[in-house]
Amino acid sequence: MINKLTKEQIDSNKKEILTLLGNVKRKGMDEVMSFLKNSTFFVAPNHRDNKKHHAWPGGIAQHSLGVYKLMKDARGLDHDSITITSLLHDICKANKYELYKDGNWHLNHTNRKYQGHGSLSVYILTCMCHLDLTPEERVAIQYHMHHNNPETNIDSKLHHALHHCDKQNAKEND
């Protein structure tokens, strides 16, 4: 288990993610990349509680890249959809924590007015960044924490792949 990333590793993860997203030609992707660059996505921990996965600086990006690497060769799935859902399913965790002068990450209470981080990620992507998500991508991101889509119970290979790879990467880095 990696529990500390060097500045070089954080920079490498940022470069790789931006390169992968830059290869997706989708309306709104420039806004998504701008949002990421101007947020804490690449430097913040995925969780503040060090008993949870990727709870170290750079953890959000490292986790997202890990999910991508598990999903990237999935058969029968569109590669752009894999890239978008795996790398952006936790975009809402950007700016969730802020680095205080004491050197510790603290919860930013001003941006916690939502329920369900999958729904907030879809909101950021579609309403703030104007990313043109397919209906299947929306479902996969919104319900990535659920084994089945509780709203419609639609069987989606993309949703199942994201759910499985997200859980697998989290478990590998507990």
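Could you list, in sequence order, all residues of segment 8-39 that are outside any helix (DSSP H, G or I) and surrounded by 14 or more Cβ atoms within 10 Å (Cβ to Cβ)?
Matches in segment 8-39: Val24, Arg26, Gly28, Ser39.
Search segment 64-91 for residues that are in contact (Cβ under 8 Å) with a residue 12 or more places away in the chain and pair each with any residue that is open to solvent by 60 Å² or more (accessible area, probe 1.4 Å) and among the polar types (S, T, N, Q) when their beta-carbon atoms are under 8 Å apart and the residues are at least 6 apart or on different chains.
From residues that are in contact (Cβ under 8 Å) with a residue 12 or more places away in the chain, the pairs are Leu70/Gln168; Thr83/Asn23.
Matching residues to (1) in a helix (DSSP H, G or I); (2) closer than 16 Å to Val24 by Cβ:
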{"residue": "Trp56", "(1), (2)": "no, no"}
{"residue": "Gln62", "(1), (2)": "yes, no"}
{"residue": "Tyr68", "(1), (2)": "yes, yes"}
{"residue": "Arg75", "(1), (2)": "no, no"}
{"residue": "Ser81", "(1), (2)": "yes, yes"}
{"residue": "Ile84", "(1), (2)": "yes, yes"}
{"residue": "Cys92", "(1), (2)": "yes, no"}
{"residue": "Lys101", "(1), (2)": "no, no"}
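Between a residue in segment 152-174 that is buried (at least 22 other Cβ atoms within 10 Å of the Cβ) and at pLDDT 80 or above and any residue that is not in a helix (DSSP H, G or I) and not small (Gly, Ala, Ser), which pairs come within a Cβ distance under 7 Å, given they are 6 or more apart or on different chains?
What qualifies is Leu158/Leu77; His159/Tyr143; His159/Asn149; Ala161/Leu77; Leu162/His89; Leu162/His144; Asp166/His89; Asp166/His144.
Give the residues of segment 40-52 that are at pLDDT below 95, buried (at least 18 other Cβ atoms within 10 Å of the Cβ) and touching an Asp or Glu at 6+ places or on another chain (Cβ under 9 Å), sorted by residue number.
Across segment 40-52, the qualifying residues are Thr40, Ala44, Asn46.
The values are calculated or read from the model by the stated rules, or taken from the named source; none is laboratory data. Please read these numbers as outputs of a predicted model, since none were measured by experiment. Glycine gets a Cβ as well: all are built from the backbone with ideal geometry, and neighbour counts include every protein chain shown. Surface areas here come from the heavy atoms of the whole protein model, side chains and all, with no ligands, DNA or RNA. Shrake-Rupley method; radii C 1.70, N 1.55, O 1.52, S 1.80 Å.
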